[in-house]
Amino acid sequence: MNKLVKTLFCLGIILFLRKFKPTVQNKMKQEEHLIEYIETSIVRNWNLNALTDYNGITLQYKDVARKIAKFHIAFEMAGIQPGDKIAVCGRNSAHWAVTYLATITYGAVIVPILHEFKADNIHHIVNHSEARLLFVGDQIWENLDENLMPLLIGVISVADFSLLVSRDEQLTYGHGHRNEIYGKKYPERFRPEHVHYRRDTSEELALINYTSGTTGYSKGVMLPYRSLWSNVLYCQEMVPLKAGDNMIAILPMGHVFGMSYDFLFGFCTGAHIHFLTRIPSPKIIAQACGEVKPKIISCVPLVVEKIIKKEILPKLDNKIGKLLLCVPIINDKIITTARQAAIDIFGGNFDEIIVGGAPLNAEVEVFLKKINFPFTIGYGMTECGPIISSVRWEEHKQFSCGKAASRMIVKINSDDPENIPGELLCKGVNLMLGYYKNPEATAVAVDEEGWLHTGDIATMDKQGNITLKGRIKNLLLNSSGQNIYPEEIESKLNNMPYVSESLIVMQNDKLVALIYPDFDEAFAQGISQSEIDKVMETNRNELNQKLPKYCQIAKIKIHFEEFEKTAKKSIKRFMYQEIKE
């Protein structure tokens, strides 16, 4: 009898699990549809503002839906098939965002191209990706040659969606008559119930993003829908953004940091995204934040550093500024004053500022921590779309870049990862499919066990906090076999008087510091150009007293122009390795 009862019990459990399991699977499948996130947000937020060009046009979610519908008509008429590539190159704008959304909801693969790329690189990416259409900004189009992009069937202006080039009669007709066809298809007006897009699959290719890297070579990172979905979900898990909240897009959406944080996350949540269509200088960013009052801000360190140094510290009494930067224990009133000044200049309404893309200046980070400013530092790569690690600002450990993100695993290739730096490896849902048409590079980057070799050197404490030391390719080795992390020296050097930015390179087994001085500040203080050399030599001597002998600077070389940078404002080191006497 007992045996029969046990058998029946086991059968009951099996039947229950069989009934329950599909429910769990269906839930997961539903969650993994990025396109469904987009569709749901459009329908739910139909009458809310969606996309605004700062001091320009505003599109509501219903306007975006209607433009998407019209482009789907034009794509279909032109014979664009699911999986075909559509490239977009231009500054951030509402129309750039519409292009992106229309492409992926149709089933085509979007190829965002950084507007800062040179014409020859843009030509190369369009051809290499086999893009059939190119949406392009007016200023960029002036420097391009359609004859060097023979695979395109057409070129469309991002500014007004006019047809600039057509090599296909059906494209010409479909694009020119899309409004007429749209009107016939939806004679009773386009309504929320008409919004129904295809469903993506997790491993399906969604996007090819060509890295801006510091090596000078662009590789096409293939990101599947699971990577984009997982990044959006992580942002929703970490940031209390809700429909109707304001956001400001500072980072170029051609880079995955800006695309994920500023655009996809905001749009899928129902936020109102404001695009800075001009070069986002610290002054413009501060002005825009004051007007928009964004709920969340994501940016590269250079933006924070310049705003803190140029817009906040000068407004404080010089003595207060020195106290905040140098003295361990500060009066609460001084801290409160400084904190409020920093919060106000970023609009006064934000939950936190997310910094990523490069290391934050150590002095600025100490200052922000000291005044309890709500910022956090994340870490990522294009190959992970981009998020690898992050934490809420309340949990952020100084000089670290957070812990492994949801659905990601991180490890340090070291026998003692807490004390001995090693290469940071990661894998998980965010990881790319590989590099487009480049299996050799894919095999180098991702090993047989699925670990992405990031090329970054880091340590990780017992709580999982990751601290970056530098890039493997930047690591310098002296004749004594000592490892030198140039980024650590540069961080200290950048805190010295009148230093705007710097690079540490090796020459004849000696360390040489390339420095771009803050000429404006020096001249404002009465320091002439001929005296800057003496100031930098004083900086060198003072810094060497704080550095171990094996990594002391032997020589200073002044640069009179800013160093060339990538879209995320990392210096292109490869351009400055050869130092002439």
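The values are calculated or read from the model by the stated rules, or taken from the named source; none is laboratory data. Keep in mind that this is a model prediction, so the values were computed, not measured. Here Cβ is always computed from backbone atoms with ideal geometry, including for glycine, and neighbour counts include all displayed protein chains. Areas reflect the complete protein model, heavy atoms only, side chains present, ligands, DNA and RNA absent. Shrake-Rupley method; radii C 1.70, N 1.55, O 1.52, S 1.80 Å.
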Confirm whether residue 208 is under 27 Å from residue 312 (Cα atoms), crowded, with 24+ Cβ neighbours inside 10 Å and touching a residue at least 40 places away in the same chain (Cβ under 8 Å).
no
Check off (1) at pLDDT below 95; (2) more than 27 Å from the chain's Cα centre (by Cα) for residue 32 and give me the number that stays unchecked.
(2)
In the stretch 359-394, which residue that is β-branched (Val, Ile, Thr) and in a loop (DSSP other than H, G, I, E, B) is modelled with the lowest pLDDT?
371
Having 3 or more residues that are of a type in the set (A, V, I, L, M) and in contact with a strand residue (DSSP E or B) (Cβ under 8 Å, 6 or more places away or on another chain) is the bar; report the strands (runs of 3 or more DSSP E) wholly within the stretch 193-305 that clear it.
205-210, 220-224, 246-249
Please return the ranges of helices (runs of 4 or more DSSP H) entirely within the stretch 88-161 where 3 or more residues are modelled with pLDDT of 95 or more and open to solvent by 10 Å² or more (accessible area, probe 1.4 Å).
119-128
Is one or more of the residues making up the stretch 174-187 in contact with a helix residue (DSSP H, G or I) (Cβ under 7 Å, 6 or more places away or on another chain), in a loop (DSSP other than H, G, I, E, B), modelled with pLDDT of 95 or more and farther than 23 Å from residue 126 by Cβ?
yes
Yes or no: residue 39 in contact with a helix residue (DSSP H, G or I) (Cβ under 8 Å, 6 or more places away or on another chain) and at pLDDT 90 or above?
yes
Please enumerate the residues belonging to the stretch 262-295 that are open to solvent by 10 Å² or more (accessible area, probe 1.4 Å), modelled with pLDDT of 95 or more and touching a Leu at 6+ places or on another chain (Cβ under 9 Å).
268, 269, 272, 274, 295
What number of residues within the stretch 412-427 are assigned to a strand (DSSP E or B) and open to solvent by 30 Å² or more (accessible area, probe 1.4 Å)?
3
Criterion violated by residue 48 - all others in (1) at pLDDT 95 or above; (2) open to solvent by less than 50 Å² (accessible area, probe 1.4 Å) satisfied:
(2)
With the checklist (1) modelled with pLDDT of 80 or more; (2) under 26 Å from the mean Cα position of the chain (by Cα) in hand, flag the one item residue 310 doesn't pass.
(1)
Restricting attention to the stretch 51-71, and to residues there that are open to solvent by 30 Å² or more (accessible area, probe 1.4 Å) and in contact with a strand residue (DSSP E or B) (Cβ under 8 Å, 6 or more places away or on another chain), which single residue is nearest to residue 248 (Cα to Cα)?
58
